[in-house]
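S.K.: One structure coming up, written as structure tokens, with questions to follow.
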Amino acid sequence: MPVLLRPPLRVGFSLLALGLAVGLVLYLSALRSVQPEAARRQDAGPAPPDEVLATARRLLDAGEERSAVVLAASAALDHPRLAVRGGDSRCGELATFRRRALGDGEPLSTEAAVAALDLAADLIDCPSR
């Protein structure tokens, strides 16, 4: 358009400034509508361990034994809201289940995955042990 019409320099720069100003207003309004959602997600913190365990159970029901065990073990062993249970042998057993689920070795049976999820649920319900 500027090549065909050849507006004076002042008019061309004015139109360019107007276009950039419109773009800036659109960008800022879009940024303002997105920013509160991102702030809510950051302020929410990690999901409660019982919600994570419920997601692990849904994964187990879908046949994703390895993913279910890793998620359940993380909910019970790594969640910041649960107290540290240094001497609890169940923690070591659950960590073993997680290592098996993360490994490339033998497949994890459904029975083992159910046992791991039950163990994680027990640790989540009794975090002070």
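S.K.: Please enumerate the residues belonging to the stretch 47-56 that are in contact (Cβ under 8 Å) with a residue 40 or more places away in the chain and either within 21 Å of R99 (Cβ to Cβ) or not in a helix (DSSP H, G or I) (or both).
M.R.: Matches in the stretch 47-56: P49, L53, A56.
S.K.: Same structure, new question: Can C91 be described as surrounded by 18 or more Cβ atoms within 10 Å (Cβ to Cβ), at pLDDT below 85 and over 15 Å from R57 (Cα atoms)?
M.R.: Numbers: surrounded by 18 or more Cβ atoms within 10 Å (Cβ to Cβ): yes; at pLDDT below 85: yes; over 15 Å from R57 (Cα atoms): yes.
Spelling it out, C91 is indeed surrounded by 18 or more Cβ atoms within 10 Å (Cβ to Cβ), at pLDDT below 85 and over 15 Å from R57 (Cα atoms).
The values are calculated or read from the model by the stated rules, or taken from the named source; none is laboratory data. Nothing here was measured: the structure is a model prediction, and the numbers come from that model. As a convention, Cβ positions derive from the backbone with ideal geometry for all residues, glycine included, and neighbour counts pool all protein chains shown.
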